[in-house]
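Peer 1: Encoded as structure tokens, here's the structure I'll be asking about.
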Amino acid sequence: MENDSSEIFNKNREIREQSARSAREFVRVVETFNKVLGFKEQKRFSHRGRVEWALDKLKKNQKQLDTINNNIEIYNANMDKLSTSLQSVEEKEKKFKEKFELLLEGAHPEEVQLGIVEAEPEPEDKNSGKVVSLPLAGNQSREALMERRNKYLQSLSGVFKRLEGELQSIEKMRLEMEKAHVDISAKNDEALEKKEILESNRDQMLEEIKSLEKDLEGSIEEERILISDLEKIVRAANASLEIQEGVDHILFSQLDQPGAEDVPRSLDEHLENSSQTETDSTEEGEDQNLASG
């Protein structure tokens with residue numbers, strides 16, 4: 001009988017201490033999981049925020065790149081138009097210069113198709129820029145010939161002036177077109193440089209987003225693993241807390257007896273009492289060490 005009493009005494013204390021240690025270990029494990037899961041949740045929010053920020057930055061970069069590409073297309077179209085116009089102006093200038101050379105070489109103005117005046121039925125006044133054609137007469141007087149010569153020279157001078165004016169206008173137009181072509185070409189070169197920078201930035205952003213998404217996926221996968229393992233622990237703990245019907249009757253019938261208020265009614269209270277007992281024992285041991293010292 002004494003052996004039975006000693007055995008049950010030892011088992012009672014042993015299982016209570018073991019249960020208290022298991023409960024403390026369970027709480028420690030759960031608290032660790034909760035702390036890490038909270039940290040992983042913050043990391044997930046942080047990763048997603050960085051990914052969204054990078055995507056927004058990429059979107060703005062792409063918008064700028066689209067604008068640059070559109071400008072480059074406009075610049076190229078304008079340069080093509082200017083090149084065509086310049087070619088046309090240069091051809092026109094060449095023709096006027098050829099006609100100018102013909103007149104200098106002695107060609108009669110009527111033999112040169114100037115393309116700048118229309119034929120008139122009547123002679124024009126001097127310096128009009130149009131050649132006056134007078135009928136020939138072998139028996140004209142010297143005064144009449146001199147007058148014809150003067151009118152011819154005046155008419156020829158007018159044609160030269162018209163040619164000079166046309167050539168000056170063409171040269172001015174050509175210079176303006178060439179300057180416009182140079183300006184647009186410079187803007188196009190600048191746009192191409194910006195495009196190269198934006199494309200480089202885009203490639204870097206894509207790599208950065210790829211890395212951020214990889215970090216996010218890795219963190220989420222770790223979070224899934226932790227959640228799954230914690231679920232297993234919780235399910236196992238809940239399953240182990242099932243009390244048989246007979247044992248349940250014994251437990252609560254004892255708690256209704258006088259003096260049961262001193263018995264811990266919950267796991268938390270039991271853990272608190274156990275923790276306080278360990279603290280008191282530690283302090284007592286320290287006091288004894290100090291006294292012996």
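The values are calculated or read from the model by the stated rules, or taken from the named source; none is laboratory data. Everything numeric here is computed off the predicted structure, so don't read it as measured data. Note that we place each Cβ from the backbone using ideal geometry, even for glycine, and neighbour counts take in every protein chain shown.
Peer 1: Being within 21 Å of residue 233 (Cα to Cα) and acidic (Asp, Glu) is true for just one of 7, 52, 25, 14. Which residue is that?
Peer 2: The conditions single out 25.
Peer 1: Just to verify a result, which residue in the range 50-84, among those that are among the charged types (D, E, K, R) and touching a residue at least 40 places away in the same chain (Cβ under 8 Å), is nearest to residue 184 (Cα to Cα)? If you could, list the steps in order and put the result at the bottom.
Peer 2: Quick first cut of the range 50-84, residues among the charged types (D, E, K, R) only: 50, 52, 56-57, 59-60, 63, 66, 73, 80-81.
From what's left, touching a residue at least 40 places away in the same chain (Cβ under 8 Å): 50, 57.
On the way: 50: 40, 57: 30 Å.
Among them, the one singled out is 57.
Peer 1: Based on this model, can you work out whether residue 106 counts as at pLDDT 70 or above, within 28 Å of residue 158 (Cα to Cα) and not in a helix (DSSP H, G or I)?
Peer 2: Taking the combined requirement at face value, the residue satisfies it.
Peer 1: Related question: Tell me which residues, restricted to the range 228-247, are loosely packed, with under 13 Cβ neighbours inside 10 Å and either in contact (Cβ under 8 Å) with a residue 60 or more places away in the chain or assigned to a helix (DSSP H, G or I) (or both).
Peer 2: Within the range 228-247, 228, 229, 231, 232, 235, 236, 238, 239, 240, 245, 246, 247 qualify.
Peer 1: If you go through the range 191-202 one residue at a time, do you hit one that is surrounded by 13 or more Cβ atoms within 10 Å (Cβ to Cβ), more than 30 Å from residue 93 (Cα to Cα) and free of Cβ contacts under 8 Å to residues at least 60 places away in the same chain?
Peer 2: yes
Peer 1: Same structure, new question: Out of 101, 147, 93, 111, which single residue is at pLDDT 50 or above and under 30 Å from residue 74 (Cα atoms)? Let's see the steps before the verdict.
Peer 2: Numbers: 101 fails: under 30 Å from residue 74 (Cα atoms); 147 fails: under 30 Å from residue 74 (Cα atoms); 111 fails: under 30 Å from residue 74 (Cα atoms).
Just a single option satisfies the conditions, and that option is 93.
Peer 1: A follow-up question, please. Is there a residue in the range 215-223 that is more than 17 Å from residue 50 (Cβ to Cβ), aliphatic (A, V, I, L, M), in contact with a helix residue (DSSP H, G or I) (Cβ under 7 Å, 6 or more places away or on another chain) and surrounded by 12 or more Cβ atoms within 10 Å (Cβ to Cβ)?
Peer 2: No.
Peer 1: Now for a separate question. If you go through the range 1-50, how many residues are of a type in the set (Phe, Trp, Tyr) and closer than 15 Å to residue 227 by Cα? I'd like the intermediate steps shown before the answer.
Peer 2: Narrowing the range 1-50 to residues of a type in the set (Phe, Trp, Tyr): 9, 26, 33, 39, 45.
Next, only the ones that are closer than 15 Å to residue 227 by Cα stay: 33, 39.
The total comes to 2.
Peer 1: Next question. Kindly indicate the residue of the range 152-182 that is loosely packed, with under 13 Cβ neighbours inside 10 Å and among the acidic types (Asp, Glu) and also nearest to the chain's Cα centre (by Cα) among those meeting that condition.
Peer 2: 176
Peer 1: Within the range 14-49, work out how many residues are in contact (Cβ under 8 Å) with a residue 60 or more places away in the chain and either closer than 21 Å to residue 205 by Cβ or touching a strand residue (DSSP E or B) at 6+ places or on another chain (Cβ under 9 Å) (or both).
Peer 2: 2
Peer 1: Go through 35, 40, 81, 94 for me and flag whichever is under 37 Å from the mean Cα position of the chain (by Cα), over 30 Å from residue 237 (Cβ atoms) and of a type outside the set (Ser, Thr, Tyr).
Peer 2: 81
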